Each structure stands twice: as C-alpha cells, then as structure tokens.
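Here's the structure, in structure tokens; my notes come after.
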Amino acid sequence: MRGLFITFEGTEGAGKTTQMDLLAKRLRLNGERVRSIREPGGTAIGEEIRHLLKHHPAGRGMDSETELFLINASRAQLVREVIRPALAAGEIVICDRFYDSTVAYQGHGRGLNLEVVQSVIGHAVGETHPDLTLLLQVPLDVSESRRAARMTGGMESGDRFDEAGRDFFTRVEQGFESIRQLYPKRIRAVDATDSVEIVHENIWEHVNPFLKDPIA
C-alpha cells in the first residue's frame, strides 16, 4: 500500500521544523514508519545545491531563473531517490517545503512567469504530489522578528532568503494564500502564532484522518 506524503509550507519563521519534528515523533510513537526530509536538500546532491542556493558566497548574484532551475534539480533528485521509494514502501514522508514554496517564492516573490514555474515543477515531480499540505501562517511582523532572532543566533547565517526585504515576503505570503485558495482540500491553513503545543494539536487534527488507522 502506498504511503502518505505530507508537506509543511509557510513563510520564514513559521516554525515548520519544530512542528515537523513533533509530528514525526508522534507518528512513530503510534507505530508509523516516517521519513523526514527537507527542500532544497534531502540527498547528497540536494544538500550541495542547498548550500549554493542559501549560503555560498557565489550565490549572492544568482539570477532568479537559475534559482528556479537549481531548486527543481534538487527536487527531481529527491523525488526519485527518496520520496517515491519511501512511498512505495508504505512510509509516511514529511517534507519541509515542496513545490508550493517554489510557486510562492520564485513565482510570486521573484516575479517569474507562473506558467513557466509550473512547467519546470512538472518536469521535476511528474506524478508525485502531496496528499496533505500544512500551511503554517504567522503575521509578517512575527516572521520578521523570528528571522532576525534566527540570524542573530547564527543558526542561518548568510541565508539569502532570510535577508530578502519586506516587499518580497509580502508577495510570498500573498502567493501562499493564492495557492491555498486554489487547492483547499489539500492545503490546510494552521495558525502558527499559538503555543507550540496548540499548533501541534491543530496539525494532528488535520493529519489523523489521513492515517490508515486513525487514532481516536
């Protein structure tokens, strides 16, 4: 039986990594086999691309089209090397970002042609699509403060995306909302301003019905 593919989306500082970890732990405690991955990255090739995209000094002058193709090169490798085999083996795959981020960031944020963006994504993923997408939402001011604290703490030093301006992230947020409206059955909005515990419980309410044996 095919596994379950869950993606986490949202602007910077929404708490995706924390919530992914909590969900994976809960699923494992309930006997599920879980594979947690991230984009860009998740494979040896993808992690090299991630470094170039986010941290390498050579990436500072990167063109938006180059960014689009590199992200989807990493994605193509991840889909074929990790996601498809894991789903075929019946695992639950949880991914920190997937193609909705590309539409929001490179399409809406960078202003690339959305049809071109979708075409490139289509070549990268083929028929591999998420079953459920959890869109973690925080106000722009909250996102900015969390990004600032993250960079000050040194966790994401030199991240090109964290350093983008308010106008860029405003377009990204608007992009995510547009995508959510297009796919309301797949994409579930989650208020990420609540406590970590409350956000986790809200996420669990969305995930539980998708399990082979939902937990009462």
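The values are calculated or read from the model by the stated rules, or taken from the named source; none is laboratory data. No experiment lies behind these values; they were computed from the predicted model shown. Cβ sites come from the backbone with ideal geometry, for glycine too, and all protein chains shown count toward neighbours. Keep in mind that these areas ignore ligands, DNA and RNA; they rest on the heavy atoms of the full protein, side chains included. Shrake-Rupley method; radii C 1.70, N 1.55, O 1.52, S 1.80 Å.
Determine the sum of side-chain charges near Gly59: Lys and Arg each +1, Asp and Glu each -1, restricted to other residues whose C-beta is under 11 angstrom from that of Gly59.
+1
Report the Rg/Rh value for region 7-119, based on alpha-carbon coordinates and the Kirkwood definition of Rh.
0.99
Under a cut-off of 29 Å between alpha-carbon atoms, report the lysines in cross-link reach of Lys54, not counting same-chain residues fewer than 8 places apart.
Those lysines meeting the cut-off are Lys16, Lys25.
Of the listed peptides 177-184, 76-83, what is their order by residue-averaged count of other C-beta atoms within 10 Å, with the highest listed first?
76-83, 177-184
Sequence gap at least 6, Cα distance under 8 Å: using those rules, report the relative contact order of the chain to the nearest whole percent.
Relative contact order, the chain: 32 percent.
Roll a 1.4 angstrom probe over the protein heavy atoms and tell me the percent of accessible area of the chain that is carbon or sulfur.
Carbon plus sulfur share of accessible area: 53 percent.
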